[in-house]
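Written out below as structure tokens is the structure these notes cover.
We did not get these values from a lab; they are worked out from the coordinates using the rules stated. Given the structure is predicted, the values throughout are model-derived calculations rather than measurements. All Cβ positions, even for glycine, are placed from backbone atoms using ideal geometry, and neighbour counts span all protein chains on display.
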Amino acid sequence: MKTIINQQNKTLALFWGVIAILVLSSCEDYLEVQDPVGQINTETVFTDENTATAAITTLYGKLRDQVLLTGNSNGLGMLMGLYADELDYYGSPGASAEQFYLHQVTASNQMVKELWDNAYHLIYLCNAAIEGVVNSDALTEEVKTQLIGEALFVRAVGHFYLVNLFGDIPYITTTNYQQNATVTRLSEQLVYEAIISDLLEAKNLLETNYPTPERIRANNYVAASFLARVYLHLGQWQRAEEESTYVINNPDYVMETDLNREFLKESTSAILQLKPKNEGDNTLEGASFIFSSGPPPVPTLNYRLVEEMEEDDLRKESWVGVVSDGTNAWYFPNKYKQNLNTGTTIEYSVVLRIAELHLIRAEARGMKGNLTGAANDLNSIRTRAGLQNISISTSEELIDAILKERRFELFTEYGHRWFDLKRLGLAADVLANIKPGWQSTNILLPIPEAELLLNPNLQPQNPGY
Amino acid sequence: MKNNFRHGLAFVSFLAIFFNYSFPLFSQNLPPTNVSGIITDADGPLSGVNVLIKNTTRGTISNLDGQYSIRASTIDTLVLTYLGYKTQEVAVGKSSTLNVKMQLDATTLDQVVINAGYYKVSDKEKTGSIAQITSKDIENQPVSNPLAAMQGRMPGVDIVQTSGVVGGGFKVRIRGQSSILAGNEPLYIIDGLPYNSQSLGSQSAAGLIIPGGDISPLNAIDPNTIESIEVLKDADATAIYGSRGANGVVLITTKKGKEGKTSITMSSSTGVANITRKIKLLNTEQYLNMRREAFANDGITDYPATAFDVNGTWDQNRYTNWQNELIGGTAKLRDLNAAISGGNNNTQFRINGRYLNETTVYPGNFNYDRINLNSNLQHHSNDDRFQFTLNAGYTLEENLLPGSDLSGVALQLAPNAPALHTEDGSLNWENSTWVNPLAQLEGVYNNTSKTLLGSTIMQYKLLKNLNLKVQTGYRSTNFESNNQIPHTIYDPAYGLDSSVSQSYLHTGTHTSFITEPQINWKLKKENHSWNVLLGSTFQSQKTNRLTLLGYGFANNGFLENLSAANTLLILNENSNQYKYQSFFARVNYEFKNQLYFNLTGRRDGSSRFSNSYRYGNFGAIGAAWIFSEQLKLPWLNFGKLRGSYGITGNDQIADYQFLQNYFLVDHSYDGNIGLEPARIYNPNYQWEENKKREVAIELGLFKGALNLSTAYYNNRSSNQLIDYSLPATTGFPSIQANLNAIVENSGFEFELLGRVVRKEHFKWNSSLNLSLPKNKLVAFPGLENSTYSNQFVIGQPLNILKLYNLKGVNPETGLYEFEDYNGDNELSGLEDRQYLVDLSPKILAGLSNSLTYRNWSFSLFLQYVKKKGFNEYYGTEPPGTMSNQSTSILDRWQELGDNAPMQQYTTGVNDAAYTAYSRFSQSNGIISDASFLRLKSLSISYNLPLAQSNNNTCKLSLMAQNLYTFTNFKGGDPEQTKGFLPPLRRISFQAQFQL
């Protein structure tokens, strides 16, 4: 009997002994896995200046390749050029871009969805970068200030275009997805206040020098330039004039006298450029607009735009290309002249240039009643274009002259023309006749259908859709 | 490093325990001698009887003449078992010849031992739902993938081959789809080693020839080496696999060496294969009439310059059956197999080698080559306390295929399209009036896959009833593929050269390691017995993938050397690590051989979840009551009621989703890399849960002549892991999260096994299995607002389509009309696509018969599936366009007042007709009944009567797979993936020698 008990005790002891080993040999950290290849922990990104900077420069890379300012066919230069009276559509029928051209945009338009989605994705990247930099203990204050300033600038730019395209929109300043998934739309006015606040802070944080030798990242003057544009949109003439004067007075920004040099990478007119991805690459604008044989595979420059330029406008010569197949001729925007790899890069995409600041100041001065000052600024543009100086005596003349000059100077650059028609209340006058699909509600694009379903707080849809 | 160290420490402690206890205990037994004899039944010699020395794993099998030979000592007892016969125990004693006569048994369930993964259980005593097929079912089938051998044979297991191309993939669902978006793959375990079934292929590099680039890694497993395949289905059986058991478990056990004379088995087979079914297409006359009528309908009298088929450019009397020409070839199968098996009392071995070669049904020289080497070694100490098993296998596969499948183009080409070759044998482009389909074959896809599998089991009996076991396994697979698209696939008139040639290179490697220490304790006290199993698992796996695209080559000869490409792009580069740790336990209690309880549990940790959600607990209880012991009815020799309930989990999502990471993106700027957040940070998601319930009754009737089992199951999976749609204002389209959606799978499964005839020279066994599965989405919060609103409907199965409801052809207009669901007088897309079609199978059934008459044996297997599928109209252009059509379109509307199922022909210029047809393509008009009854496999074999004096045997067999299909379906093969090759009919002749 005793041996049986012993035997059982021994069994039990062994049993529990082995279990003890099984349990003790395990360890919580067995399940720790190495970071996946090509990925870095967020904290690590912001402990190193190089990777933290890369998180910021990626914002420009995305603007260049994908979002809003891209020279691709899904960028504003193309889409809003088609939407206004700058470009004529020659692509495949039924495409989303054609809906822009014909003013038949629906809430399910793929390009509208891309504009919206990509812009908010970019804004997320800005917010993530700001949070990463702010929480970093490793970066120097100097670096932090620069990086946060740049992220705020890009965040403001993103919202600026969104509010112009869609009207009331959410202003996103956090990465908290639960909060962002249920946001409501802010009135345009509040959105603009937030944009100005971001830009002012960016201007405050950013150095007057560029962080690198080229003009390809935001500095203090870049923020000021954009601020000038925002004030112009809001009709805050005094501030628009102040900011533009601030930039114009910087001797580093000298308007190139040769139109053909305006979009080169070393252009002294440039305030902010986007640098192509690889050495030897040129701009996406060049690749999208230039074609060499008809019929055009891509949009063409509207003939009226070319024909309505003054006879001896040098911009017709320098910035407009023409292709003929013997019977027909087509124009194309030729500000950028390179559409292929050139070994060494020749052109950068110019986002902000000094000519725009002159145009902003002209308008601001004029609206304040300083018609001479307005004419002076306009004439600095006209002179370069080989045109006679003008003088302005009435405010009708002023609006007319400014609209005309902006149309011929800034054509196919990031939708300037459309935004001008919109903010000046002239869209119906200009487009109703040439766009059969025109309706007064077209002043805003529809909020993408899917967004309204996913976040009912974004209701109601913009009128007309 | 630290991990590995601690991990190693555990292992070493284990070994220490082994050897501390083991060495002093090894003792010498009496020397074994040779025992041999003949086993017979009432009819004569009985082959295939298992002869086992009691309390050991040593054993042998009687040969065709009933002879056996084994080494045993005089105190040993031989245990003889054979399905359908009573188990006999015979003491060896002093005689060296033991002839045994086996007695038929009424109840046979005792003998069927079932592998339940961490433990074995007899069919009689099992509390869970486990289906089994054995080598007997597998070896009669001329197939190269074990999944093909399982098709239709197990209730509740739905297996569909995705393409007839050799070396392709399979879709496997055990008791339906339970996860909405996470993986639905069962867990595969080969000799105790989890076998990742995720394809290493790549959609971009192989998607045109293999659907989804999905190449089944199980191609590396030679069906000939499989002893048995068990599928675990209910909670009781799967809960011990915890988080990985939600979709069922497939256990594959390979053949082991047997003690006795070293025997050599060699077999050689050769065969042919071709596609099962074709679609009946228009001949030239019918086709041209269709085209002319279409032009007439459209009011076009001058045929356009590009209408080469009708405008006289092409010979209008020419006819080619393009299905015959492009996919109608005969593939040749060759298969050589050799196995050596044997061993003595302590050590047994088995070595198996196989060479397989299979060509394709396409024109041109394409083929699949495979070499398998498998070995098994078992050893046990003289006192049987220590046991060791080693399994090692290596597989080399080489597959050379066309760059894209010709099955699609074979249906579309005009029947009077030009000849493939010119008189001089070169490709005919007929003055650039067509795209020669054979040009596609200039592009090739090849892949090489090398798989190494190794596993060991060490067992030590600490005490009589306490057993320790460590199971360790390693797998490594290297996959490399190259898809070449030379410029020669294009018409030379374009004047292209190799500067437009492209080449994809894709490599994938997968390694995994597992170790599972276990302890087993048995206790028996009078009428009660307990069996306790405890164990733990440490598993890690790593997968690397790299896809490169090179384009622009100086010469097509360089297509294999991507370094020669002008431009090289990295399309995909990733590396994933997955780790897994768990503890499991099983307590089995038995009372008086009548009442059984089985309690299993597992605590799992997976690296796919964040720290807070890493561990999950799973468990189940199963019970069985053998009521026949009490009833004692004459016609009922066995009756069992069993049931189970439990929870299993699913972690089949991508790795690393909980990490807050930045990743590389292609937006580098000013010398800085592109870097952005990979996803929204959400570490708060966890396992998907599957609650499974089952009740079943198992009956043995009329002295075991008929065995019947019926099961009802109801599984509900919840806490679904999905990519939850987010508004774009969050910055991302979706987030990995748990959604409180519920999917229910329920159904009945029946199995009927019958001994129809059991005479002296004639035996006939028959079995039938039947499953009636049902799938339902029970809940999905926020479905209407999610991106899934067009895909799923609450209360409906997951596998539905939302379609227009075709009302027929309007006799006035000759156009299709559809139901206007929302009554707005427009067919406005989604709102009017409210007709629901369920594509999941409704009935799955299989009927198997095996007969033996003297030296002849015959087996036949029929598979039946009731389901709906895409018919011959799926993916077609409107009839009348320059594309061939099925003959079903002949019954069309021609003039006012016609009532016809097909609308008027159009060349596409009639907008209304074109639009109506494109709606038709999204309507229930493209769905038909795709039920089928298939003569899935058939084999006849004959044992050559050789001299009785030796053990040599020779067997000749004729085997066929997918021999004939009975169906009303007109869209090709009812199991075909549209645009890809249907499954093949395979017929093969085999000669097998045993020496």
Check: Taking the mean number of other Cβ atoms within 10 Å as a proxy for protection, how do you rank A:363-374, A:429-440, B:148-159 from highest to lowest?
Finding: B:148-159, A:363-374, A:429-440
Next item on the list: Would you order A:Trp16, B:Trp625, A:Trp116 from fewest to most other beta-carbon atoms within 10 Å of each residue's own beta-carbon?
Entry: A:Trp16, B:Trp625, A:Trp116
Next item on the list: Could you give the C-alpha radius of gyration of the protein assembly as shown expressed as a fraction of 2.2 N^0.38 Å, taking N as the number of residues it contains?
Entry: 1.08
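Counting partner chain Cβ atoms within 10 Å of every residue's Cβ in A:269-275, what's the average? Mind dumping the intermediate values first?
Working: counts 0, 0, 0, 0, 0, 2, 3.
Taking the mean over all residues of the peptide, I get 1.
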Notebook entry, point to check: If you average the sequence gap of Cα pairs under 8 Å that are 6 or more apart and divide by the length of the range A:286-333, what percent do you get for the contact order?
Noted result: 47
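Given a cut-off of under 8 Å on Cα pairs at least six residues apart, what relative contact order in percent is computed for chain A? Don't jump to the answer; show the numbers that get you there.
Numbers: 753 pairs, mean separation 83.2, N = 465.
Over chain A, the number comes to 18 percent.
Hey, can you rank B:890-897, A:71-78 by average C-beta count inside 10 Å, highest first?
Details: B:890-897: 13.8, A:71-78: 23.0.
Put in order of decreasing packing, that is A:71-78, B:890-897.
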Note to self: Just to confirm the number: angle between the C-alpha axis of helix B:911-920 and the first principal axis of chain B, 0 to 90 degrees, nearest 10?
What the structure shows: 10
Notebook entry, point to check: Which lysines, on any chain, are close to B:Lys101 with Cα under 20 Å apart, when same-chain ones fewer than 8 places away are left out?
Noted result: B:Lys54, B:Lys86, B:Lys703, B:Lys759, B:Lys763
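In Å, the Kirkwood hydrodynamic radius of the range A:286-333 over pairs of distinct alpha carbons?
Working: mean 1/r = 0.0897 Å⁻¹.
About 11.1 Å, per the Kirkwood formula over Cα pairs.
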Margin query: Per-residue Cβ counts within 10 Å, from other chains only, averaged over A:206-219: what number is that?
Written below: 1
Item checked: Reachable aspartates and glutamates, given that their alpha-carbon falls under 15 Å from the alpha-carbon of B:Lys258 and they are not under 8 places away in the same chain -> B:Glu227
Check: Extension gain B:Val587-B:Asn527, at 0.36 nm per residue separation less the Cα-Cα distance, in nm?
Finding: 20.0 nm
Check: What does the range A:211-317 give for Rg and for Dmax, in Å, if only its C-alpha atoms count?
Finding: 17.2, 48
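So what's the back-of-envelope 222 nm ellipticity for chain A, counting only DSSP H runs of four-plus at -39500 (n - 2.57) apiece and dividing by all residues, rounded to 500?
On the way: 20 runs with 240 residues, N = 465.
One gets -16000 deg cm²/dmol as the mean residue ellipticity at 222 nm.
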Checklist line | Theoretical ellipticity at 222 nm over chain B - DSSP helices of four or more residues, -39500 (n - 2.57) apiece, nearest 500 | finding: -2000 deg cm²/dmol
Check: Fewest first, what order do A:Asp137, A:Asp85, B:Asp497 take by the number of other Cβ atoms within 10 Å?
Finding: A:Asp137, B:Asp497, A:Asp85
Margin query: Please compute, for peptide B:571-584, the average count of beta-carbon atoms on other protein chains lying within 10 Å of each residue's beta-carbon.
Written below: 3
Margin query: Using a Cα-Cα cut-off of under 20 Å, which lysines could be cross-linked to B:Lys450, ignoring same-chain neighbours fewer than 8 residues away?
Written below: B:Lys542
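Would you be so kind as to identify all helices of chain A, as entire DSSP H runs, whose Cα atoms reach 30 Å or more along the helix's own axis and whose mean Kyte-Doolittle hydropathy is at least -1.0? Working shown, then result.
Numbers: long enough: A:2-25 (34 Å, 0.95); A:110-134 (35 Å, 0.43); A:141-166 (37 Å, 0.64).
Answer set is A:2-25, A:110-134, A:141-166.
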Next item on the list: List the extent of the Cα atoms of chain B along each of their three principal axes, largest first, rounded to whole Å.
Entry: 101, 68, 63
Checklist line | the range B:842-995 - Debye-derived log10 I(q)/I(0), Cα point model, q = 0.13, 0.16, 0.20, 0.21 Å⁻¹ | finding: -0.75, -0.94, -1.19, -1.26
Margin query: For Cα pairs less than 8 Å apart in space and 6+ apart in sequence, what is the mean separation divided by the residue count of chain B, i.e. the relative contact order in percent?
Written below: 12
